[in-house]
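**Student:** Let me begin by handing over the structure; questions about it come next.
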Amino acid sequence: MKKILFLPVFLLSVCSAFAQTEVKPQSQAVFTEGRVINKADCVSFCYPGTKFSLKFSGTSAEVKLKANAGYYVYSVDGSGYKKFSTYTADSSAKVFTYKLAENLSSGEHTVSVMLVSEGLFCKPEFYGFVLSSGAKVLKYDTKKRVKIEFIGNCITCGYGNEAKGRDDKFSDSTSNFAKSFAGVTIQNLNAVSMVVARSGIGIYKNYGDKKSGSEYPMPRVYENALINDTVTKWDFSKWKPDVVVLGLGTNDLSENNYDYEKFALAYIAFVKNIRKHYPSAKIVLLNSPMLHYQQSQDLLNVITNSKSAMNVLQDTKIYRFDFQELSDDPADYGADWHPSAKKASEMARYLSYFIKTDVLKKKEKEKK
């Protein structure tokens, strides 16, 4: 009789000893970068660059994500990003579990997971982290890091930047936000970030739309939490950036089918709206390396005029930064004539320096 009672107790103790530590997606221990919507058992999101980080003491870590919904990169203890896919042979699978680290040494560790493809259609979801038995979650401190928001389009998203060349067609599999100019700038500055970007989107006219304008350009969807949710409004009090980088205009002007006046009015109105949401932020207005000739000049004129108009309103926290236009060098290009990862890294180097020295006014340390 005693043996019969002893066996289940023994099994229960073994199961408890090896029980993993679940960290829920809404846990305060999870440091989230980007716009998300909380649901019962997960958080939903869509913008590339959305990132989830966790600091813990333990020997292993896994992440749970919606299956068949995008490409991600992850980092362990500050190591370089590694890319993985959530796509599986099972199209009916709901949750995809990916092992981030195992057999870690005792002590503190950090893991980060970031969406690097666009989630408008696949609607990604984060279901939390799973740690080794006995693991403890720790506070993730970001107090001393600069906060940057990127608002942009395909160039910001990293559209096809891992493709072999400009004749390749777009694919989520060859797009990588971590290798975009925005993603690399965030890494260069060790910044906390938020990204609101979508390929094809414009200030007043999205790519391929009629000359009179689009129903859902960036200024309209910017007020919503997610681009694929037209109901839930974003609460701008949740997060206040130190710097906002605005990189739009390519899709408004890339076709010879635009209304310059409509574009100019929409651009300055959007800059004013950003200022309304972020009274103290420094705003950097970018040109487009993909535009040439008259289209390029029109964008530069609008940026210059917008900056001047804000200065008239005694807003001196507006900056302009110009990328060099893409050259004829094939190495400049990823899919569909968009910037390659190599070119984006070069773009980020110059932008990072500008933000650090001109915007944040941080002097470079003298080389000894």
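**Student:** At pLDDT 95 or above and farther than 26 Å from Ala341 by Cα: is that true of Gly152 in this structure?
**Tutor:** no
**Student:** Part of a helix (DSSP H, G or I), among the β-branched types (Val, Ile, Thr) and under 25 Å from Asp259 (Cα atoms), is that true of Ile355?
**Tutor:** no
**Student:** Restricted to segment 258-295, and to residues that are out of contact with any Lys or Arg (no Cβ under 7 Å at 6 or more places or on another chain) and in a strand (DSSP E or B), which residue is surrounded by the most Cβ atoms within 10 Å (Cβ to Cβ)?
**Tutor:** Leu286
**Student:** While we're here: Do you know which residues across segment 297-313 are surrounded by fewer than 19 Cβ atoms within 10 Å (Cβ to Cβ) and within 20 Å of Cys154 (Cβ to Cβ)?
**Tutor:** Asp298, Leu300
**Student:** Next question. Identify the residue in segment 279-319 that is of a type in the set (Val, Ile, Thr) and free of Cβ contacts under 8 Å to residues at least 12 places away in the same chain and, among all such residues, is farthest from Asn257 (Cα to Cα).
**Tutor:** This residue is Thr316.
**Student:** If you check Lys240 against the conditions, is it in a helix (DSSP H, G or I) and under 19 Å from Lys317 (Cα atoms)?
**Tutor:** no
**Student:** Output the qualifying pairs, or none if there are none: Cβ atoms under 8 angstrom, residues six or more apart or on different chains, first residue in segment 228-250 and modelled with pLDDT under 95, second residue surrounded by 18 or more Cβ atoms within 10 Å (Cβ to Cβ) and assigned to a loop (DSSP other than H, G, I, E, B).
**Tutor:** Listed pairs, sorted by first residue: Asn228/Cys46; Asn228/Gly119.
**Student:** Out of everything in segment 216-230 that is part of a loop (DSSP other than H, G, I, E, B) and out of contact with any Lys or Arg (no Cβ under 7 Å at 6 or more places or on another chain), what residue ends up being surrounded by the fewest Cβ atoms within 10 Å (Cβ to Cβ)?
**Tutor:** Filtering segment 216-230 for residues that are part of a loop (DSSP other than H, G, I, E, B) and out of contact with any Lys or Arg (no Cβ under 7 Å at 6 or more places or on another chain), the one surrounded by the fewest Cβ atoms within 10 Å (Cβ to Cβ) comes out as Tyr216.
**Student:** Among the numbered conditions (1) farther than 18 Å from Pro48 by Cβ; (2) touching a residue at least 24 places away in the same chain (Cβ under 8 Å), tell me where Tyr159 comes up short.
**Tutor:** Here Tyr159 meets the rest and fails (1).
**Student:** Right, another one. Given the condition closer than 24 Å to Cys154 by Cα and not in a strand (DSSP E or B), answer yes or no: does some residue in segment 82-99 qualify?
**Tutor:** Yes - at least one qualifying residue is present in segment 82-99.
**Student:** So which residues in segment 100-148 are outside any strand (DSSP E or B), more than 16 Å from Gly78 (Cα to Cα) and among the hydroxyl-bearing types (Ser, Thr, Tyr), if there are any at all?
**Tutor:** Passing the criteria: Ser106, Ser117, Ser132, Ser133.
The values are calculated or read from the model by the stated rules, or taken from the named source; none is laboratory data. The model shown is predicted, which means the values in this text are computed figures rather than measured ones. Note: ideal-geometry Cβ built from the backbone for every residue, glycine included; neighbour counts use all protein chains shown.
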